[in-house]
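Here's the structure, in structure tokens; my notes come after.
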Amino acid sequence: MYKLFVGRKKKGSKHDSTIQIYHNIEFPLNDIIDIFYPIFGQYYRYEDLVNMIYSVPHIFCAYDIRQGQCVGCALVDNVSNSGGLYLMLFGVHESYQGHGVGTQLLKNIIRWAYRIGHTFIHLHVHVLNHKAMGLYEKVGFKKYEYLPNYYGNLPKRPPHAFRMVLPL
């Protein structure tokens, strides 16, 4: 547990002071898998999720420090030669959804990206994932492009997505 809390940390919001956001520290793999597998396990094999986790340069996780558990994570990749970032995977534990954790996590990512000079963040979201789209729009993302058959290789029906972008 000690390793988890060494490194840079971000303070929680006034409304949810038990949530702390951490970036690129030695997160236990199981903490990240415990967030992503229940959300994305029907679309990605366990090994594919592990490979995604190990392949990205930036991982952000939200921890409930009172409970001592990871409650949300984001995998963020650099976009080659464009000054942007790609929000590859984003998720909040089901019992923490609707309590501001996702908003807090996204706002921390946005502040960090702006501070280090990135020019935009983009992501892909399934056309029927209205809850996620609402969260992304709440922090400033806009639907930029409709992508028919984007998830054609995954068992998502319909297989369409929106590309959402947040200029920084």
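For the reader, a short list of remarks on this structure follows.
- The simple spin-label model puts a point 7 Å past each Cα toward its Cβ; for Ile25 and Gln69 those points are separated by 1.9 nm.
- Sorted by Cβ neighbour density within 10 Å, fewest at the top, the residues Thr119, Thr103: Thr119, Thr103
- For Gly134, net neighbour charge (Lys/Arg +1, Asp/Glu -1) across residues whose Cβ lies under 14 Å away: +3
- Cβ-derived FRET efficiency at R0 30 Å, Tyr146 paired with Ser17, nearest 0.05: 0.15
- For Leu123, the shell of other residues with beta-carbons less than 12 Å away shows a net charge of 0, using +1 for Lys and Arg and -1 for Asp and Glu.
- Assigned charges on the beta-carbon of Lys, Arg, Asp, Glu; the chain dipole about Cα centre (debye): 580
- Given charges at Cβ of Lys, Arg, Asp, Glu: the chain dipole, positive-most of Ser82, Pro158, Tyr44: Ser82
- Neighbour-count ranking [beta-carbon atoms within 10 angstrom, fewest first] of Arg66, Arg111, Arg163: Arg66, Arg111, Arg163
- Among Met164, Met52, the ranking by other beta carbons within 10 Å of each residue's beta carbon, starting with the fewest, stands as Met52, Met164.
- Estimated from helices alone, the mean residue ellipticity of the chain at 222 nm is -8500 deg cm²/dmol (sum of -39500 (n - 2.57) over DSSP H runs with n ≥ 4, per residue).
Just so you know, all these numbers are worked out from the coordinates, no wet-lab data involved. Source: prediction; values computed, not measured. No Cβ is skipped: glycine too gets one built from the backbone with ideal geometry, and neighbour counts run over all protein chains shown.
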